[in-house]
1. Those residues that are of a type in the set (Val, Ile, Thr) and out of contact with any Lys or Arg (no Cβ under 8 Å at 6 or more places or on another chain), I need them from the range 200-253; list them, please.
2. How many residues does the range 56-86 hold that are open to solvent by 40 Å² or more (accessible area, probe 1.4 Å) and in contact with a helix residue (DSSP H, G or I) (Cβ under 6 Å, 6 or more places away or on another chain)?
3. Would the range 89-105 turn up any residue that is open to solvent by less than 20 Å² (accessible area, probe 1.4 Å) and farther than 26 Å from residue 237 by Cβ?
4. Report yes if some residue within the range 182-196 is of a type in the set (A, V, I, L, M, F, W, C), open to solvent by 20 Å² or more (accessible area, probe 1.4 Å), outside any helix (DSSP H, G or I) and closer than 30 Å to residue 54 by Cβ; otherwise report no.
5. Any idea which of 14, 87, 43, 38 is assigned to a helix (DSSP H, G or I), over 22 Å from residue 196 (Cα atoms) and within 20 Å of the chain's Cα centre (by Cα)?
6. I'd like to verify a number: residues in the range 108-143 that are in contact (Cβ under 8 Å) with a residue 60 or more places away in the chain and either small (Gly, Ala, Ser) or in contact with a strand residue (DSSP E or B) (Cβ under 6 Å, 6 or more places away or on another chain) (or both), how many?
7. Identify, please: which residue in the range 231-281 is open to solvent by 50 Å² or more (accessible area, probe 1.4 Å) and not in a helix (DSSP H, G or I) and is, among those, modelled with the highest pLDDT?
8. Identify the single condition in (1) closer than 21 Å to residue 49 by Cβ; (2) crowded, with 18+ Cβ neighbours inside 10 Å that residue 138 does not satisfy, given that it satisfies every other one.
Amino acid sequence: MVKGLSPRSAAALLAIVVLAWGTNWPVTKMIVHDMSPLWSTALRCAIAALALAPLLWTQGNFIIPKRGDIPMVFCTALLHMVAFSALVAAGLQFVLAGRAIVLGYTTPIWVAIGARIFLSENITKRRTIGIGIGLAGLVVIFSSGVFDWSDHNALLGSSLIVIAAFCWAANIVYIKAHKWVSTPFQLVFWQVLLAAGVLSTIALFTEGAPHIEWSTRLAGLLLYSGIVCTALAHWAMTMVNRSLPAVTTSLGLLATPVLGIISAALVLNEPLEPSLFLAMALIIGGITLGTVADGRAVQATALAKPG
């Protein structure tokens, strides 16, 4: 059994997770410039599986999933690592990374609504206000003065990201209802391995064998996304969850989309539009007010997010 870390060490690991997940958005956008979304996501998952196997083995956490956890392996692999990741990668072909980040992080809003519908969780007055504030941020980003509704590519890309957020939310709602047998970290290897297999199969049948013009840059981006943003971030998140309160962890994770927008501006030279920060402020404010206050919802979101 791995012991918890000191608060300082846990905070340092949390900062690494925020850095990894925040920068993964512009990194993914650069990757899909050189290869298809399906093959890029498949390779990322395969790299993560290769990195996670020895990490789990050395920590004594490498297991065969128990029968009670098999539905969780399939749910997370298919809804999050296949659907969410592939849809985000596809959407990033048509929209700026900053806009994609804002749309992707509406997920906790859909989680709150889904938990009410499927888990009969009460929507308190505080949470209702939070959902309303978060949806106001969505209105800002799709307002006529900010979004060009005649741009079919932008509409397609934004729609793909929103659908991806729905898939992530569905996964989190299932996680909240799941009765765990093994720990989340013990199942990650099998989830990314299954996702890699499913994505490779779909890509092979729809696109054929991958035609990739390899370069040092592309290899480095894939390794960073697979090892740092997926394998290392999952291990770090497990250690953080053992060492810090759920609310503290979740408040820290809210820095992820902000860092993502800033990194997209620095790496991709995307404009820092005031409307983007207004939308992000409303969404984060709504999450903080309506969802982060509920430690259980926060913990489920933290555990479900591989970046």
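1. Kept after step one, since they are of a type in the set (Val, Ile, Thr), are these residues of the range 200-253: 201-202, 206, 212, 216, 227-228, 230, 238, 240, 247-249.
201, 202, 206, 212, 216, 227, 228, 238, 240, 247, 248, 249, listed by residue number.
2. Total satisfying the criteria: 2.
3. Yes, that holds for at least one residue.
4. Looking for residues that are of a type in the set (A, V, I, L, M, F, W, C), open to solvent by 20 Å² or more (accessible area, probe 1.4 Å), outside any helix (DSSP H, G or I) and closer than 30 Å to residue 54 by Cβ, one finds none in the range 182-196, hence no.
5. After ruling out the rest, the residue left standing is 14.
6. So the count comes out to 8.
7. 269
8. Result: residue 138 fails condition (1) only.
The values are calculated or read from the model by the stated rules, or taken from the named source; none is laboratory data. In this text, all values refer to a predicted model and were calculated from it rather than measured experimentally. No Cβ is skipped: glycine too gets one built from the backbone with ideal geometry, and neighbour counts run over all protein chains shown. For the accessible areas, the whole protein counts, side chains as well, though only heavy atoms, and no ligand, DNA or RNA atoms are used. Shrake-Rupley method; radii C 1.70, N 1.55, O 1.52, S 1.80 Å.
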